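Visitor: Below: one structure in C-alpha cells.
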Amino acid sequence: MARLFIVIINIVGITLASILGGGDVLVTMKAPNRVDAGSEFDVEVLLKKAGVDGFARFQQELPLGLTAELIESPQGDFTFEDQKVKVVWLKLPTAKEIRIVYRIRVDERLKGSFNLGGVFSYIENNERKASTLQTSQISITPSARINPSLIVDINEFQNIIPVQAPVSMLASNVKCIRQTPIPTGEANDLLVKLLVNKGNAQKFAKIEEEIPQGFEAEVVDAKDAIFTFKDQKVKFLWMNMPPDPRFIVSYRLIPLNGKGEAVVSLSGKFSYLVGEATRVIDITQKDVDLSNLDPKSIEGLLASIPGTETSTPTSSSFSTSYTSAGSDGGIDIPVQYQAIPEKSKKVAQPEQNMMPYMLEPEKGVYYRVQVAAGHKPINIKRYFLRHSVTYEVRTEKHEGWYKYSIGSFKEYREARDFRVQIWNTTKINDAFVAAYNNGVRITVQEALMITNQAWFR
C-alpha cells in the first residue's frame, strides 16, 4: 500500500503555491517529486494574474545535465539558454489564468536530487515586482542501462562540466585584416579583401568601412552577408556567420571620375557577438596577399595583430537626446544644450539602483522609441514624470551612454506612429525610433533590410 501511494504521488506530482507580491497574483507549479535518469517530465506553471498586465517574466534555473523545451506558452516568448528557462511577455494575455507547460529531459548519467523553483517578475503601478517561488526537491533514480561507474551525482556533475571561458578570452582570437587594396585590372578599379578570423563568434556580425569621397563600391564576394553601400559606408551584415573558422570577403572600389588613385585610405570596424556581449574591433590593414597565404603564414599574421577592442567616448554631460544623423530612417534629430548656472556644492547623493529598470533583450528584430540619453544614471520615475511620460521607461548601457526608451514594436511603422504620439502628448519633442536584433542595437536601415519592411517618413 505504501509503495502504491508513492507511485501515485510520483505520477500526479506535487503542487507548490506561493502568493507573489501580495494582491491577488498567485502562481502554482506542478512537477513530479521523483524522475528516472534518461527520461523526460513535464512542468506545469499556472499563473492567476488578477488585474496585472504589461511586461512580465517567469524564470527558472536548471542544473547542468537538464534541458528544457516548450510544450505550451500562450503569447509568451519561451527560451532555454545558459540553463535558464525564461518565458517573457511584453504584454500579458487578457485571460485571468495563464498556463505554461515545458518538458525537462534528464541526462542518463545522473542520480541524486536537485531543487526546482522560479521567479515571477511583473509590473504593477509602474513598479517592477519580483517574488521567489517556493522550491521543490526532485530526486533522480539512476538508470539501470548505464555502467554504475559512469553514474554521477547531479551536484558533482556541476563541477565536472568545464567552466566557460570569460567573454574576453573567447573574443581574444577574433581578428579582421584588410589587404592593402590592389588594382583589379579593369579600368582603375581597386579590389579590397578582408580576412575574418571568427574565433568563438558565431551569430550576428558586421563589417563597416568608410570609403573616401570620389569612389563607389560594389560587392565581389559577400560570403552570405547582406551587402550595402550608402553614404560612403560599405557594410557586410551576417545574422549567422559562415561555418568556416576564417573566411575572406571582398568588394570593388570604383572611381567616379574614372581616374582613380594609386593609394586610398580606408578605415573600418568589425562588430560581433560572443554570448550576449557585443564586441567591436578595428580592422587592421596589412600589405599581404590574403589569397595566397598558407595556413602557417595566416597563423603568424593573426598572431601579429593585437586583440584590442575599441574604446567608447566618455563625458559627464546629460542631454534629453543623443543620436546621429539617419538613426530614425534619415531624420536628423538636433541635440540641444543648455547652460547650467553654478550652484553651491551639495553632498553627493548615492547613485540610483538601475537594475529594476534595465532593458530586457527580446527575440528577433524589434523597435523601441528612445526618449533620452546621458552618461550618468538619473532618477527615472522623477525625471520622466516631469516630462509627462506615463509609459514604462527602460534603460540600457550602450556606447558609454545610459539610453532610455519605451514601447516594443515588431513593425517600424507602429514605432514611428508611437514616436509621433510621444511628440504630441509629452514634453519630449525629440524622441526617435531605435532598432534591435536579439537585444543588440542596430540601425533602423539594417532592421528594415533584415525584415524586408518599408521605411515610412
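Visitor: Against the definition (under 22 Å from GLY185 (Cα atoms) and free of Cβ contacts under 8 Å to residues at least 40 places away in the same chain), how does VAL264 come out, yes or no?
Guide: In short, no.
Visitor: Also: Kindly indicate whether LYS206 is outside the structural domain of PRO361 (by TED's automatic domain parsing), at pLDDT 85 or above, surrounded by 18 or more Cβ atoms within 10 Å (Cβ to Cβ) and touching a Leu at 6+ places or on another chain (Cβ under 6 Å).
Guide: Judged against the criteria, LYS206 is a match.
Visitor: Another question about this same structure. Kindly check whether there is at least one residue in the stretch 244-259 that is crowded, with 16+ Cβ neighbours inside 10 Å, outside any strand (DSSP E or B) and not aromatic (Phe, Trp, Tyr).
Guide: No.
Visitor: Which residues, counting only those in the stretch 102-120, are touching a helix residue (DSSP H, G or I) at 6+ places or on another chain (Cβ under 8 Å), over 25 Å from SER131 (Cβ atoms) and not acidic (Asp, Glu)?
Guide: ARG109, LEU110, LYS111, GLY112
Visitor: Here are some residues: GLN213, GLN202. Which one is polar (S, T, N, Q), in a loop (DSSP other than H, G, I, E, B) and farther than 21 Å from ASN437 by Cβ?
Guide: Unique residue meeting the criteria: GLN213.
Visitor: Just to be sure, is LYS30 in contact with an Asp or Glu (Cβ under 7 Å, 6 or more places away or on another chain) and either buried (at least 18 other Cβ atoms within 10 Å of the Cβ) or closer than 17 Å to LEU133 by Cβ (or both)?
Guide: Here the answer is yes, as LYS30 does meet what is asked.
Visitor: Then there's this: Quick check, is ALA165 assigned to a loop (DSSP other than H, G, I, E, B), within 30 Å of LEU110 (Cα to Cα) and either modelled with pLDDT under 85 or out of contact with any helix residue (DSSP H, G or I) (no Cβ under 8 Å at 6 or more places or on another chain) (or both)?
Guide: Against the criterion (assigned to a loop (DSSP other than H, G, I, E, B), within 30 Å of LEU110 (Cα to Cα) and either modelled with pLDDT under 85 or out of contact with any helix residue (DSSP H, G or I) (no Cβ under 8 Å at 6 or more places or on another chain) (or both)), ALA165 qualifies.
Visitor: GLY38 versus (1) surrounded by fewer than 18 Cβ atoms within 10 Å (Cβ to Cβ); (2) not in a strand (DSSP E or B): which is the lone unmet condition?
Guide: GLY38 satisfies every listed condition except (1).
Visitor: Given the options TYR391, TYR383, name the one that is out of contact with any Lys or Arg (no Cβ under 9 Å at 6 or more places or on another chain) and farther than 16 Å from LEU90 by Cβ.
Guide: After ruling out the rest, the residue left standing is TYR383.
Visitor: Of a type outside the set (S, T, N, Q), farther than 24 Å from PHE409 by Cα, under 23 Å from the mean Cα position of the chain (by Cα) and outside any helix (DSSP H, G or I): which single residue out of GLU108, GLU44, GLU69 fits that description? Steps first, please.
Guide: Values: GLU108 fails: under 23 Å from the mean Cα position of the chain (by Cα); GLU44 fails: under 23 Å from the mean Cα position of the chain (by Cα).
Every option except GLU69 fails the conditions.
Visitor: Taking SER143, is it over 25 Å from GLY364 (Cα atoms), assigned to a strand (DSSP E or B) and touching a residue at least 60 places away in the same chain (Cβ under 8 Å)? So that I can check it myself, show each step before the final result.
Guide: Numbers: over 25 Å from GLY364 (Cα atoms): yes; assigned to a strand (DSSP E or B): no; touching a residue at least 60 places away in the same chain (Cβ under 8 Å): yes.
Criteria not met by SER143.
Visitor: I need every pair where a residue in the stretch 288-305 that is touching a residue at least 12 places away in the same chain (Cβ under 8 Å) has its Cβ under 6 Å from the Cβ of a residue that is surrounded by 11 or more Cβ atoms within 10 Å (Cβ to Cβ) and among the hydroxyl-bearing types (Ser, Thr, Tyr), sequence separation at least 6 or different chains.
Guide: Within 6 Å, the pairs are ILE305/THR284.
Visitor: Report yes if PHE432 is surrounded by 14 or more Cβ atoms within 10 Å (Cβ to Cβ) and in contact with a helix residue (DSSP H, G or I) (Cβ under 7 Å, 6 or more places away or on another chain), otherwise no.
Guide: Yes; evaluated as a whole, the condition is true for this residue.
Results for (1) at positive phi; (2) out of contact with any Pro (no Cβ under 6 Å at 6 or more places or on another chain); (3) at pLDDT 90 or above, shown as yes or no for each residue.
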position	(1), (2), (3)
TYR367	no, yes, yes
ARG382	no, yes, no
SER388	yes, yes, no
ARG394	no, yes, yes
SER405	no, yes, yes
PHE409	no, yes, yes
ASP417	no, yes, no
THR426	no, yes, no
TYR436	no, yes, yes
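Visitor: Can you tell me which residue among ARG413, ARG386, ARG419, ARG382 is assigned by TED's automatic domain parsing to the domain that holds ALA447, surrounded by 17 or more Cβ atoms within 10 Å (Cβ to Cβ) and not hydroxyl-bearing (Ser, Thr, Tyr)?
Guide: ARG419
Visitor: Still on this structure, please answer the following. Quick one: which of THR15, THR94, THR79 is touching a strand residue (DSSP E or B) at 6+ places or on another chain (Cβ under 6 Å), among the hydroxyl-bearing types (Ser, Thr, Tyr) and modelled with pLDDT under 85?
Guide: THR15
Visitor: What residue, among those in the stretch 113-157 that are buried (at least 18 other Cβ atoms within 10 Å of the Cβ) and of a type in the set (Gly, Ala, Ser), is modelled with the lowest pLDDT?
Guide: By that ranking, first place goes to SER121.
Visitor: In the stretch 353-457, which helices (runs of 4 or more DSSP H) lie fully inside it and hold 2 or more residues that are among the polar types (S, T, N, Q) and touching a residue at least 60 places away in the same chain (Cβ under 8 Å)?
Guide: 444-451
The values are calculated or read from the model by the stated rules, or taken from the named source; none is laboratory data. In this text the structure is predicted, and so the values were computed from the model without any measurement. So basically every Cβ, Gly included, is an ideal-geometry build from the backbone, and we count neighbours across all protein chains shown.
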